[in-house]
Amino acid sequence: MAIATEPQKTSGTDTLATLHERLSLEMQRHADAVAEIQRKMQDTTRKGAKSLLEGNDSEAAAKAPKSSEPVAGQKRELTAEQKEKLLAALQDRLSKNPDHYQRPEAINFADVKRALEANPAALWSLSRMEDTGGAPDIVAIEADAFVFADCSAESPFGRRNCVYDKEAEKFAGGTFDGNAMDMAEEFGVEIWSPEFYRLMQASGKFDRNTWSWHKTDAQTRSTGGALRSERVGDRIFGYQHVAHEHSDYGAWRGLLRVQKV
């Protein structure tokens, strides 16, 4: 069943500051989960490297991961050319005023670039967000971090037609393109929660023609459902929907917290 909510009305500098503060608080709730995802990614990379270094025989070679991705992708690091292209895209985006959402003021790109160059895994995650149409941008600035989120007006085109998670794939009919939860883990980011979605809609307009999956609690997921939302006019509709649903209009949005240096 759909639940319609209206975005919180904002007006004035004080209200906008309060909104950014709420965004920051919501980010804190996500930070541990994102850090855990990145830790697992790094552990997997280290274990794979150790296995290859310790084994010289054909058995060790057989155990090496096979992938069609370029070596830079397997290491979750960008080539110099990919890095330069991504940083240029981010700088260009930050130099323009967004037309469908609000961005924190006084962002120094030199500080952002320094933080990203010190975190190759974050650069790689942002490249996955960018390459799949997420148009990642900074949506909050914390004392120790920049918070990036997918800010495309509609759900990212390169992630559509996906079910919610691996379990949902067992029940999905027709042709679909993977699942949102596995993609987010592979990207090294976290899916927007319903709370974060509403906060973003309070300062912008997203998914006016599409919809997005949300991080779903265990109790809801145990019923076979998953959460999703969309915007119709000035109202936000939140749904508990079948998790194996997939559509050319539905995808997922991610967020990433990058430590300052």
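How would the range 93-140 be classified by its alpha-carbon gyration tensor: rounded, prolate or oblate, with rounded meaning a/c under 1.5 and the a/b versus b/c comparison settling the rest?
Numbers: a/c = 2.56, a/b = 1.21, b/c = 2.12.
Oblate is the answer for the range 93-140, as a/c is 1.5 or above yet b/c matches or exceeds a/b.
Given labels modelled 7 Å from the Cα in the Cβ direction, how far is it in nm from residue 92 to residue 209?
2.2
Quick one: which of 90-99, 173-182, 225-234 comes out on top by average Cβ neighbours within 10 Å, and what's the full order, highest first? Provide the component values of the computation, followed by the final result.
Working: 90-99: 12.1, 173-182: 15.6, 225-234: 19.1.
Going from most to least packed, we get 225-234, 173-182, 90-99.
For residue 252, enumerate residues with amide H under 5 Å from its amide H, sequence gap 5+ or separate chain, H modeled in the peptide plane.
213
Once you list every other residue whose beta carbon is under 13 Å from the beta carbon of residue 208, what net charge do they have if Lys and Arg are +1 and Asp and Glu are -1? The partial results should precede the final answer.
Details: positive: 205, 231, 235; negative: 99, 154, 207, 230, 234.
Neighbour charge sum, excluding residue 208 itself: -2.
Pull out a ≥ b ≥ c, the square roots of the eigenvalues of the alpha-carbon gyration tensor of the range 194-261, then state rounded if a/c is under 1.5, prolate if not and a/b is larger than b/c, and oblate in the remaining case. All intermediate terms of the calculation are to be shown ahead of the outcome.
On the way: a/c = 1.83, a/b = 1.20, b/c = 1.52.
Oblate.
Mind listing the long-range amide H neighbours of residue 190? Cut-off is under 5 Å, sequence gap 5 or more, other chains count too, H placed in the peptide plane at 1.01 Å from N.
Here the answer is 255, since their amide H atoms fall under 5 Å of that of residue 190.
Taking θ as phi - 60°, what are the ³J(HN,Hα) couplings along the range 165-182 by the Karplus curve (6.51, -1.76, 1.60), each to the nearest whole Hz, with x for Gly and Pro?
8, 4, 4, 5, 4, 5, 10, 6, x, x, 9, 9, 10, x, 9, 5, 5, 5
Set the Förster distance to 41 Å, then compute FRET efficiency between residue 106 and residue 161 from the Cβ-Cβ distance, nearest 0.05.
Details: r = 39 Å, r/R0 = 0.95.
The calculated FRET efficiency here is 0.60.
How large is the dipole of the range 165-216 about the Cα centre if only Lys and Arg carry +1 and Asp and Glu carry -1, each at its Cβ, rounded to the nearest 20 debye?
Numbers: 6 positive and 10 negative charges, 75 e Å.
Here the range 165-216 has a charge dipole of around 360 debye.
Each reported figure results from applying straightforward, stated rules to the coordinates on display, with no laboratory input. Since this is a predicted model, take the numbers as computed values, not measurements. Every residue, glycine among them, receives a Cβ derived from its backbone with ideal geometry; neighbour counts consider all protein chains shown.
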